[in-house]
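Engineer: Next up is a structure, given as structure tokens.
Read the figures in this text as sums done on the coordinates, not as results from a lab. Worth saying up front: this structure is predicted, and the values here are computed from it rather than measured. Cβ: placed from backbone, ideal geometry, glycine included. Neighbour counts: every protein chain shown.
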Amino acid sequence: MMPLELLAEIADKEPSLTKLWLILAGLGMAGVLLSRFRWWAALLVLPGVAIFALAIVGEVTDPHVGPAIRQELGLSYVLQAIVAIATGVLLPLIAAAHAKRRVA
């Protein structure tokens, strides 16, 4: 029987779903909280979301690593990563739009 460390080739190098959700939803919520002060302040978190999202999307769409990720972690990992990215982007955008409409 092989130790589990030898079986994990890609999964141990990818961030867990918990980490993805905590970072991306956390940045999104930070944008929501920032929108309470100025409407444009919510947009300040978007570069952080973009950097993290580009790293994840880059790995998932890589022609060599992407199929291994889908094989080891499953399609649900990829779908949840996409939903977490969308959450990190949409929360600050919606909060900024709402705050700007509230001010105007």
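Engineer: Restrict the search to segment 24-104; then list the chymotrypsin sites (Phe, Trp or Tyr not before Pro) that DSSP places in a loop and that have at most 15 other Cβ atoms within 10 Å of their Cβ. Intermediate values should be presented prior to the final figure.
Structural biologist: Details: sites: 37, 39, 40, 52, 77; in loops: 37.
Of the chymotrypsin sites (Phe, Trp or Tyr not before Pro), the ones in loops of segment 24-104 whose Cβ has at most 15 other Cβ atoms within 10 Å are 37.
Engineer: Taking only Cα atoms, what is the 0 to 90° angle, nearest 10, from helix 75-103's long axis to the longest principal axis of the chain?
Structural biologist: Between the helix axis and the principal axis of the chain, the angle is about 10 degrees.
Engineer: From Cα pairs below 8 angstrom and at least 6 apart in sequence, can you work out the relative contact order of segment 12-101, rounded to a whole percent? Working shown, then result.
Structural biologist: Working: 90 pairs, mean separation 42.9, N = 90.
Here the relative contact order equals 48 percent.
Engineer: Neighbour counts of other C-beta atoms within 10 Å: give me 9, 72 arranged from fewest to most.
Structural biologist: Working: 9 11, 72 15.
Least crowded to most crowded, the residues run 9, 72.
Engineer: Order of 19, 100 from fewest to most other C-beta atoms within 10 Å? Provide the component values of the computation, followed by the final result.
Structural biologist: On the way: 19 11, 100 14.
Ordered by Cβ neighbours within 10 Å, fewest first: 19, 100.
Engineer: Candidates [x] 1.16; [y] 1.14; [z] 0.93; which is the computed Rg/Rh (Cα atoms, Kirkwood Rh)?
Structural biologist: The calculated read-out lines up with [y].
Engineer: Ranking 83, 49 by Cβ neighbours within 10 Å, fewest first, what do you get?
Structural biologist: Numbers: 83 14, 49 23.
Ordered from fewest to most neighbouring Cβ atoms within 10 Å, 83, 49 come out as 83, 49.
Engineer: While we're looking at this one, here's another question. Got a sec to turn the phi values of segment 56-73 into Karplus ³J(HN,Hα) couplings, 6.51 cos²θ - 1.76 cosθ + 1.60 with θ = phi - 60°, whole Hz, x for Gly and Pro?
Structural biologist: Once rounded to whole Hz, the list reads 5, 5, x, 6, 5, 8, 4, x, 9, 8, x, x, 5, 5, 5, 6, 7, 9.
Engineer: So, in nm, how far is label residue 80 from label residue 13 when the simple model puts each one 7 Å beyond its Cα toward the Cβ?
Structural biologist: Going by the 7 Å Cα→Cβ label model, 2.1 nm.
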